[in-house]
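Undergrad: Quick one: the structure is below, and I'll ask about it shortly.
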Amino acid sequence: MPVCDVVIVGAGAAGMMCAATAGQRGRKVVLIDHATKLAEKIRISGGGRCNFTNLDARPECYLSDNPHYVKSALARYTQHDFIKLMQKHGLGFHEKTLGQLFCDDGSQAIIDMLKAEVDAGGTLWRMGTAVLAVRQCEGGFEVETAAETWQCQSLVVASGGLSIPQIGATAWGYELAKQFGLSVLPTSAALVPLTFQPQDLWTELAGVALDDVEVSSGKGRFREAILLTHRGVSGPAILQISSYWQPGQPITINLLPDVDVAEWLANSSREAHLLTVLSEKLPRSFAQALITRWGQNLPLKQYSPKQLASLTPALQQWQMVPSGTVGYKKAEVTRGGVDTRGLDSKTMAARAVPGLYFIGEVVDVTGWLGGYNFQWAWSSGYAAGSAA
Ligand code: FDA
């Protein structure tokens, strides 16, 4: 039986970072992935430009049942460490907005960089290889594939979450965690568009964007753009809030976050029609649809004070209960996963199973939109690669 120090299952963002780190420490590493194409999720990320980290990455930007878990790994391998790696490889990058860093040369350049780092550690690649079984044995694990069975001291699970099954996402990592007695928290699609009940749809406005709104639900609150769709609503602020939203809960949208609506209307011409006034601050088609739902388009002087006062909640506390999300097919990430309470936050190792590690998205750690999820993949991959 061939022997190595570390088997890593999943050659995505976290798996490659882990392989590079462990291999360059002198560990003999085998990197297994059932996909034939390397790191498809990195390739499609950030619209092909990979939003590879965020200048503002910090523990508060991550959701987990155990929020302190991310602290150690994020502190030991920071966004600046990944930037240094980019610079070492001569890769340019730019900040788009809100600290989000994108690769000037596109996502493939990041994949090539990580592949070069993995190769520098002498890792053996096993792409297009499914793992058939994992058994615990003396001193570690046996990892069986169709072609061979590896014996290793350390097994790192980097098989990702459930989003985008069409490019190879599987529940394998969760099943393996359960096989070894670890707890797996319920999973759901996150960073995902929300769907509305038929009566709440604004189908006639599909494609209309509102550039600066505040969306809140539960403990989440984000101020960015939203986009009306045929099925509900999307756009960055909605993707962000989807990670906080629980089925059955409302979301609240403030369409004019900085505006004192009462004062604005009081200072507007009494002769002006409501549509003209609302169109000063909202797309005209949206203002029109809003008025149709709210009442009539009249000169301001024809509304009673009570009617005008009711515009404030209509504009600033637009509330509805989404019917659901568009699901894993369109979700950027998976919320939930392997319960971090069973893992060591310094090494990512399972406390109860010596030599077993979980990194990246398979773990119950979900970052905000904007490069935070890759940063978690790099940081957790580095932590496990330094220990395994
Ligand atoms: P990842 O999914 O990268 O890798 C898992 C690997 O495991 C895959 O190669 C898969 O084939 C393999 N695998 C799965 N099951 C297996 C099995 N049974 N046997 C063998 N191998 C198996 N994040 C961000 O920070 N910035 C961004 O710009 C984007 N953009 C973005 C766009 C889109 C469309 C999506 C879907 C996602 C993003 N993300 C993102 C999220 C980001 O891609 C994600 O968080 C990381 O890729 C997670 O890294 P992992 O290594 O954990 O999983």
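The values are calculated or read from the model by the stated rules, or taken from the named source; none is laboratory data. This is a predicted model, so every value here is computed, not measured. Glycine also receives a Cβ, built like all others from the backbone with ideal geometry; neighbour counts cover every protein chain displayed. Accessible surface is based on the protein model in full, side chains and every heavy atom, while ligands, DNA and RNA are left aside. Shrake-Rupley method; radii C 1.70, N 1.55, O 1.52, S 1.80 Å.
Undergrad: Quick check on segment 58-72. Is at least one of its residues assigned to a strand (DSSP E or B) and either within 20 Å of ALA331 (Cβ to Cβ) or within 18 Å of the chain's Cα centre (by Cα) (or both)?
TA: Within segment 58-72, one or more residues are assigned to a strand (DSSP E or B) and either within 20 Å of ALA331 (Cβ to Cβ) or within 18 Å of the chain's Cα centre (by Cα) (or both).
Undergrad: Then there is this: I'm told GLY26 meets every condition in (1) in contact with a helix residue (DSSP H, G or I) (Cβ under 8 Å, 6 or more places away or on another chain); (2) over 22 Å from THR145 (Cα atoms) except one. Can you identify the failing condition by its number?
TA: (1)
Undergrad: Within segment 181-201, can you find the residues that are at pLDDT 95 or above, open to solvent by 30 Å² or more (accessible area, probe 1.4 Å) and in a loop (DSSP other than H, G, I, E, B)?
TA: GLY181, SER183
Undergrad: Could you check how many residues of segment 214-246 are more than 19 Å from GLY324 (Cα to Cα) and either open to solvent by 60 Å² or more (accessible area, probe 1.4 Å) or out of contact with any helix residue (DSSP H, G or I) (no Cβ under 6 Å at 6 or more places or on another chain) (or both)?
TA: Counting residues in segment 214-246 that are more than 19 Å from GLY324 (Cα to Cα) and either open to solvent by 60 Å² or more (accessible area, probe 1.4 Å) or out of contact with any helix residue (DSSP H, G or I) (no Cβ under 6 Å at 6 or more places or on another chain) (or both) gives 2.
Undergrad: Is it true that ALA377 is more than 14 Å from the ligand (Cβ to nearest atom) and either touching a helix residue (DSSP H, G or I) at 6+ places or on another chain (Cβ under 6 Å) or under 19 Å from GLY10 (Cα atoms) (or both)?
TA: So ALA377 does not fit the description; no.
Undergrad: Can I ask one more? Residues of segment 333-367 being surrounded by fewer than 24 Cβ atoms within 10 Å (Cβ to Cβ) and part of a loop (DSSP other than H, G, I, E, B), which ones?
TA: ASP339, ASP344, SER345, LYS346, THR347, ARG351, ALA352, VAL353, PRO354, GLY355
Undergrad: Sticking with this one: Before we move on, is THR145 within 17 Å of GLY12 (Cα to Cα), in contact (Cβ under 8 Å) with a residue 12 or more places away in the chain and in the same structural domain as ARG49 (by TED's automatic domain parsing)?
TA: Judged against the criteria, THR145 is not a match.
Undergrad: What's the number of the only condition in (1) open to solvent by less than 10 Å² (accessible area, probe 1.4 Å); (2) more than 9 Å from the ligand (Cβ to nearest atom); (3) over 18 Å from LEU31 (Cα atoms) that SER163 fails to meet?
TA: Of everything listed in (1) open to solvent by less than 10 Å² (accessible area, probe 1.4 Å); (2) more than 9 Å from the ligand (Cβ to nearest atom); (3) over 18 Å from LEU31 (Cα atoms), SER163 misses just condition (2).
Undergrad: Separate question: In segment 292-315, how many are assigned to a helix (DSSP H, G or I), without any contact (Cβ under 8 Å) to a residue 40 or more places away in the chain and over 14 Å from LEU255 (Cα atoms)?
TA: The number of residues fulfilling the criteria is 9.
Undergrad: Of all residues in segment 13-57, how many are within 7 Å of the ligand (Cβ to nearest atom), crowded, with 24+ Cβ neighbours inside 10 Å and in a helix (DSSP H, G or I)?
TA: Number of matching residues: 4.
Undergrad: Moving to a separate point now. Against the conditions (1) of a type in the set (D, E, K, R); (2) touching an Asp or Glu at 6+ places or on another chain (Cβ under 8 Å); (3) without any contact (Cβ under 8 Å) to a residue 24 or more places away in the chain, where does ASP112 fall short? Just the number, please.
TA: (2)
Undergrad: Any residue in segment 259-285 that's among the basic types (Lys, Arg): show its pairings with residues that are open to solvent by 40 Å² or more (accessible area, probe 1.4 Å) at Cβ separation under 6 Å, as long as the two are six or more apart or on different chains.
TA: What qualifies is ARG270/LYS301.
Undergrad: Based on this model, can you work out whether ALA349 counts as within 12 Å of the ligand (Cβ to nearest atom), of a type outside the set (Ser, Thr, Tyr), modelled with pLDDT of 95 or more and farther than 22 Å from LEU239 by Cα?
TA: no
Undergrad: Let me ask something else. May I ask you to verify whether GLY128 is open to solvent by less than 60 Å² (accessible area, probe 1.4 Å), outside any helix (DSSP H, G or I), away from the ligand (no atom under 13 Å from the Cβ) and at pLDDT 95 or above?
TA: Criteria not met by GLY128.
Undergrad: Let me ask another. Residues being open to solvent by 40 Å² or more (accessible area, probe 1.4 Å), in a loop (DSSP other than H, G, I, E, B) and within 13 Å of THR312 (Cα to Cα): count how many of those fall in segment 247-275.
TA: The number of residues fulfilling the criteria is 2.
Undergrad: Does LEU114 fit the bill of being in a loop (DSSP other than H, G, I, E, B) and surrounded by 13 or more Cβ atoms within 10 Å (Cβ to Cβ)?
TA: no
Undergrad: Taking segment 205-244 as the region of interest, how many residues are out of contact with any Ser or Thr (no Cβ under 8 Å at 6 or more places or on another chain), among the polar types (S, T, N, Q) and part of a loop (DSSP other than H, G, I, E, B)?
TA: Residues flagged as out of contact with any Ser or Thr (no Cβ under 8 Å at 6 or more places or on another chain), among the polar types (S, T, N, Q) and part of a loop (DSSP other than H, G, I, E, B) within segment 205-244 amount to 1.
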